Structure formats: structure tokens, C-alpha cells
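What follows is one structure encoded as C-alpha cells, with my remarks underneath.
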């Protein structure tokens, strides 16, 4: 029988974090008696991420190690995971242990019981929840929210955070194209334009302890701007 939840974990050089993440996810699934699969998508890592994922798949029946091949990119890895997911609910979890995993049961309830098609974890509902986000990121995210509201009409508080859940059938219908971190706002913007039911839960992102962050706004900014402009023109055409 297919699982109810597909947890998609895109990973690039996360060999130190993956065993801990899987242990935490497995404990959470058992605690709430959730039917889930954990898809670890190796993004052509330079370290032993795929080996760790493969070893874990032998110890945890719910874990599947997927190697997607080149080109690299978190968006490519997420789309690869979505393509292979068998559940009704998809959840994106980063391999760096910063996401508040306790929200996953609430994600599931919002989609299964309340009919939401996209559920966002918002770090901006309260001041204390975005305390761990670097000031420069908060600056960029603020202006991206402002421009998204002006150009596309989006009225959610956290458009860009990758940790989120969605109805998998719905998300597969969006024809996602992003290869990088801009896949998160692409999902949000396309879902908004499709008049999807979007729900938000408050939460706080943690801090990375091991490894290095792969996000650099100087490299990702063009991608973010690109998906925003595509959404703007799509909105104009619909009018």
C-alpha cells in the first residue's frame, strides 16, 4: 500500500546530518503513527551522502536513497523527488536539520482534513520566529514579499521558505521548472495564480550546526527575480 506522506529530502554534501535527520523523522512518524516514506535525493554530492542514505535505507524500510545525476540544483532535486513520490501529501525537508519537524503532523492534517493544497511554514508571523534568520536574508525576503504582493497579489507572510507541504497531485499539475532555490517561490506563486487553498502555520527555523549552507543570494537572486516576473506576466495574461 502506498504511503500517505512522501518526505522529500534534497541533499548536497549532508553526510553528517542525514543519519540524525532520518532518526528524528522516523521517531516522529512512529509517535504520530503516520504512514510515510522518506526520499533522500542526493544532488551529486562530493562527500558520502548517497552512501549514508543507502545504508540508512537498509535499516529503515521507510527510507529510499535516490541519486538524481547532473545538473545539480535544489530545484532539480525537489522535482526529482516529486516525480518519484507515491504519497498523497508531499513534504519538503532540508538535510541541514534546521526545519521544525514537529510541524509535519499539522501539515498532514491541513491537507488531508482541511483540504489545503499548499501549506507554508511561516517564520514571519511573530517577531521571535525570524530571529535565527540573518539580517541580510530578512532584508531580501521582505522586499521579495513586497514585490510579490504588488506584482502578483500574493498575500502570504513567508513565500520563500522551502520547508512546506502540498497535495502531490496538485503540485504535479503546476509544471515546475526551477532548478535552484527559486523553486520555493515558484511553487507559492503558481499555486496562488491557480487560486489554490494556501494555509500557513507559524514556526521557527533552527540554525545549521554541521556543514555549510548552499544558499547565496548573490547567486540565487536572478532565479528569484525570474520566477516573479513570469508570475507577473502570467497574471497579466489571465486578466
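The values are calculated or read from the model by the stated rules, or taken from the named source; none is laboratory data. Because the structure is predicted, anything quoted here is derived from the model rather than measured. Note that we place each Cβ from the backbone using ideal geometry, even for glycine, and neighbour counts take in every protein chain shown.
Would you check if there is a residue in the stretch 157-166 being more than 15 Å from the chain's Cα centre (by Cα) and either modelled with pLDDT of 90 or more or farther than 21 Å from residue 85 by Cβ (or both)? Yes, the conditions are met somewhere in the stretch 157-166. Among the residues of the stretch 34-46, is there at least one that is at pLDDT 95 or above, more than 19 Å from residue 86 (Cβ to Cβ) and surrounded by fewer than 16 Cβ atoms within 10 Å (Cβ to Cβ)? For the stretch 34-46, residues at pLDDT 95 or above, more than 19 Å from residue 86 (Cβ to Cβ) and surrounded by fewer than 16 Cβ atoms within 10 Å (Cβ to Cβ): absent.
Taking the numbered list (1) buried (at least 19 other Cβ atoms within 10 Å of the Cβ); (2) under 26 Å from residue 232 (Cβ atoms) in turn, residue 137 passes all entries but (1).
Taking the stated definitions as given, is residue 111 at pLDDT 95 or above, assigned to a helix (DSSP H, G or I) and either more than 14 Å from residue 163 (Cβ to Cβ) or over 11 Å from the mean Cα position of the chain (by Cα) (or both)? Spelling it out, residue 111 is indeed at pLDDT 95 or above, assigned to a helix (DSSP H, G or I) and either more than 14 Å from residue 163 (Cβ to Cβ) or over 11 Å from the mean Cα position of the chain (by Cα) (or both). Taking the stated definitions as given, is residue 99 crowded, with 16+ Cβ neighbours inside 10 Å, in contact with a strand residue (DSSP E or B) (Cβ under 8 Å, 6 or more places away or on another chain), touching a residue at least 40 places away in the same chain (Cβ under 8 Å) and more than 28 Å from residue 15 (Cα to Cα)? The answer is no for residue 99. Cβ-Cβ contacts under 9 Å between residues 6 or more apart (or on different chains), taken from a first residue in the stretch 13-32 that is without any contact (Cβ under 8 Å) to a residue 12 or more places away in the chain to a second residue that is surrounded by 15 or more Cβ atoms within 10 Å (Cβ to Cβ) and not in a helix (DSSP H, G or I), are listed as 23/60.
Criterion applied to 170, 166 was being assigned to a strand (DSSP E or B) and either farther than 22 Å from residue 99 by Cβ or touching a strand residue (DSSP E or B) at 6+ places or on another chain (Cβ under 8 Å) (or both), and the one residue passing it is 166.
Please work out if residue 153 is surrounded by fewer than 16 Cβ atoms within 10 Å (Cβ to Cβ), at pLDDT 95 or above and farther than 22 Å from residue 12 by Cβ. Yes, satisfied. A Cβ distance below 6 Å, combined with a sequence gap of six or more or placement on separate chains, defines the contacts here; from the stretch 187-212, residues that are assigned to a loop (DSSP other than H, G, I, E, B) reach residues that are modelled with pLDDT under 95 and surrounded by fewer than 16 Cβ atoms within 10 Å (Cβ to Cβ) in the pairs 205/132; 207/132.
Residues that are surrounded by fewer than 20 Cβ atoms within 10 Å (Cβ to Cβ) and either under 19 Å from residue 86 (Cβ atoms) or under 16 Å from the mean Cα position of the chain (by Cα) (or both) within the stretch 1-27 comprise 1, 2, 3, 4, 26, listed in sequence order.
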